[in-house]
Amino acid sequence: MRLQKRTVGLILYLGVMLLPIYWMLNMSLRTNADILGAFAFYPADPTFANYVKIFTEEAWYSGYINSTIYVSINTLISLSVALPAAYAFSRYRFLGDKHMFFWLLTNRMAPPAVFLLPFFQLYSTVGLIDTHIAVAISHCLFNVPLAVWILEGFMSGVPREIDETAYIDGYSFPRFFVSVFVPLIRAGIGVTAFFCFMFSWVELLLARTLTTTVAKPIAATMTRTVSATGLDWGLLAAAGILTIVPGALVIWFVRNYMAKGFALGRV
Amino acid sequence: MGKWEDNKAWFLVLPVFLLVAISAIIPLMTVVNYSVQDIFGPGDRIFVGTEWFEDMLSNRRLHDALWRQFLFSGLVLLIEIPLGVLIALAMPKRGWGVSVSLVLLALPLLIPWNVIGTIWIIFTRPDIGLLGVAINGLGFEFDHTSAPLDAWITVMLMEVWHWTPLVALLAYAGLRAIPEAYFQAARIDGASPWAVFRYIQLPKMRGVLTIAVLLRFMDSFLIYAEPFVLTGGGPGNSTTFLSIYLVKLSTAMDVGPAAAFSIIYFLIILLFSWLFYQALQNVGTGDRQ
């Protein structure tokens, strides 16, 4: 009985949570005049014109491609530098470890607007303005600390005896790390990858400041179109629906890592 | 059992340190530089010492925005953390339900922040939005563009809708990382569900919950795009949170006061994050003893 009550609660929550997204979907299938004209539970005369526009105009679909490129680069960089660092924090005591660990997180604490001008000057100087790599590296500022923190939490959950046994068995550190340790924290890696992807995907200020045309992200395309033509709600809603898709695919791929959890019997 | 003592671990941390330091230190220098100068034009500036800081600390509107911000972030933590843990506990452990609920939960997180504000403008409109129509249909006068309380409720709703899934996903991953043996032992001992939660699940979730609390505190304290797009800080100043005020300030005045304000802003977040961090660490060690 208890289990069922929980499930009902969960379904209720998810149902309510989906309402704004349903409304966005509803708007995306209507024309601007129709949206502003009258209240309608569902589109009486659904049109795919908004989606067609996004898929056929390069200014629109290139935004998705650009965002996907720099977000993927960012997630790869963040994970590959954060994994060894998180291991160091979870296993070793070294000079300044606690300060360093907390300092990392302080980089998420400043108002993002603070970084705009200095970043623009920095990346102009090295000639990286309007490249995907510039946005990917600038997003490391908030994603790397987060990745280290989340991974450290998962790694500390793995008993240290596993490391010791592996070293006694003659594993070298890189081999132990890749073949024994990483599989043990798959859940953590999955969650971290998703969060890096997500925070980089929705970030607008830095991405917009560091790009002009070649690497312009989708979120910036959306605001600019909005300001140029007045508000085209239907088009904006369609673009919004499409921004959800890549991230939903990512979580679909990592869902098993999150669900399987801890496999202690592996060693 | 203590950690291994070895300064060579620095080599593992070095890439992270370099990558983040390059991005962090240059902006920091710039802001500190601006905060102590009055800039009239290129090459024409005077050193003003702590004048901007004194200005900012005695600014009444900044105080108002600060209290508003504390109230907002406090409510965010009080609502989102317990709700997120409840959702995580209610989620299925295996089967197709796992995939479905994980993917659905992630959806609000994936929408760019400015778009969230825009969608909620329509969603809450009393004439053509689902929520606005529903609330007015129930007989309440609801209009977030004129009533401060309604604006607050709308912004809170949007915030809880948007970010509770983050807490739920973290808590769920934390729950899944608990070895099955713990639950088997608890079953043999005949432990109640509450005891299982209190003595197994909650302590084991300490790590992920620390991250969840810190993340939600920092990000809600820095919240800008969503309320700005939805309410523009109004009606009046009722939803002008700190970062909205900071942007108003920096467009209306010099970079000097805005830079001083940014530093104060940062120090407040730093202080409270540190307090939360220490408190959560100590809760954990208390359990272990």
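The values are calculated or read from the model by the stated rules, or taken from the named source; none is laboratory data. Owing to the predicted nature of the structure, the values given are computational and were not obtained by experimental measurement. With ideal geometry, Cβ positions are generated from the backbone for all residues, glycine too; neighbour counts draw on all protein chains shown. Just so you know, the surface numbers come from the protein's heavy atoms only, side chains and all, with ligands and any DNA or RNA stripped out. Shrake-Rupley method; radii C 1.70, N 1.55, O 1.52, S 1.80 Å.
Below are the figures for this structure:
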quantity	calculated
Extension reserve of the B:Phe70-B:Thr50 stretch, reckoned as 0.36 nm per residue once the Cα distance is removed	4.7 nm
With Cα atoms, 0 to 90° folded angle of helix A:97-106 axis to chain A main axis	0 degrees
Using a Förster distance of 35 Å, the FRET efficiency for B:Ala134-A:Val245 (Cβ separation, nearest 0.05)	0.80
Stretch gain in nm, segment A:Leu116-A:Val214, where the contour uses 0.36 nm per residue and the Cα spacing is subtracted	33.4 nm
Linear extension gain, B:Ala147 paired with B:Trp4, 0.36 nm per residue minus alpha-carbon span	45.6 nm
Neighbourhood net charge (10 Å Cβ-Cβ; Lys/Arg +1, Asp/Glu -1) for B:Thr240	+2
Virtual spin-label span in nm between B:Phe276 and B:Thr251, 7 Å along Cα→Cβ	2.8 nm
When each of A:Lys216/B:Lys248; B:Lys93/B:Lys204; B:Lys3/B:Lys93; A:Lys98/B:Lys93; B:Lys8/B:Lys204 is checked by Cα-Cα distance, pairs over 24 Å	A:Lys216/B:Lys248; B:Lys3/B:Lys93; A:Lys98/B:Lys93; B:Lys8/B:Lys204
Semi-axis lengths, Å, chain A, gyration tensor of Cα atoms, sqrt of 5 times eigenvalues	40, 27, 15
Residue among B:Thr251, B:Thr118, B:Thr145 with the largest mean-square fluctuation in a Gaussian network model of chain B, springs linking Cα atoms under 10 Å	B:Thr251
Chain B: DSSP helices with Cα axial extent of at least 20 Å and average Kyte-Doolittle hydropathy no lower than 0.5	B:10-35, B:60-90, B:148-176, B:206-221, B:255-288
Exposure ranking of A:Val245, B:Val115 by accessible area [1.4 Å probe, largest first]	A:Val245, B:Val115
Rounded to 10°, Cα long-axis angle of helix A:113-125 versus longest principal axis of chain A	80 degrees
Sites A:Glu161 and B:Arg187, calculated FRET efficiency, Cβ-Cβ separation with R0 22 Å, nearest 0.05	0.35
Long-range amide H partners of B:Gln37 with built H, under 5 Å	B:Val48
B:Asn59-A:Asp130 pseudo-label distance in nm [points 7 Å out on the Cα-to-Cβ vector]	3.5 nm
Nearest 10 degrees, 0 to 90: helix A:58-91 Cα axis against chain A principal axis	20 degrees
Pair A:Trp252, A:Glu58: separation of 7 Å Cα→Cβ label points (nm)	2.9 nm
Stokes-Einstein translational diffusion, segment A:1-47 - Kirkwood Rh over all Cα pairs, 1.567 mPa s, 4 °C, in µm²/s	104 µm²/s
Overall form of segment A:1-130 per C-alpha gyration tensor (a/c, 1.5; a/b vs b/c)	oblate
